[in-house]
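Chemist: One structure follows; several queries about it will come next.
Please treat every number below as a calculation from the coordinates, not as lab data. What you see is a predicted model, and the numbers here were worked out from it, not measured in a lab. All Cβ positions, even for glycine, are placed from backbone atoms using ideal geometry, and neighbour counts span all protein chains on display.
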Amino acid sequence: MVKKIVEMYRIIMDLRYNPLRFIPDPILQGYLLMALFVMWCLFFGLIAIYHLGWLGYSIPLSIGVHLSLIVPAIITNAVFLAAEKELNQEEDI
């Protein structure tokens, strides 16, 4: 069980294991990881505020909260795919 948790953590947060490893510049790797980290912190903060009841329920707000989950997931996936694509382009050269 602990091994599985460590493996899941490494896939997401460790630059040696996640798809950002395909970007050759370590500074850019760190920048992208930090940008994704901030984006996900904002999302979880919004979810916490919503569930604590600090925001009243409304359909547009609910749609916004749900989109705040979908949009970061799409952005994270796009960054990871772009990193893998960059590696594939370098291998073709």
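Chemist: Please determine, in degrees from 0 to 90 and to the nearest 10, the orientation of helix 26-51 with respect to the longest principal axis defined by the Cα atoms of the chain, where the helix direction is its Cα long axis.
Modeler: With both axes taken from Cα atoms, the answer is about 20 degrees.
Chemist: Let me ask you something else. When 1/r is averaged over all different Cα pairs and the result inverted, which Kirkwood radius in Å belongs to region 3-44?
Modeler: One decimal place: 10.9 Å for the Kirkwood radius.
Chemist: Hey, another quick one. Please report, for the Cα atoms of the chain, the Rg to one decimal and the Dmax as a whole number; what are they, in angstrom?
Modeler: Gyration radius and largest Cα-Cα distance of the chain: 16.6, 55 Å.
Chemist: Right, something else. From Cα pairs below 8 angstrom and at least 6 apart in sequence, can you work out the relative contact order of the chain, rounded to a whole percent?
Modeler: Relative contact order, the chain: 37 percent.
Chemist: List the trypsin sites (Lys or Arg not before Pro) in region 1-69 that DSSP assigns to loop (not H, G, I, E or B) and whose Cβ has at most 12 other Cβ atoms within 10 Å. Which are they?
Modeler: Sites meeting the loop and neighbour criteria: 16.
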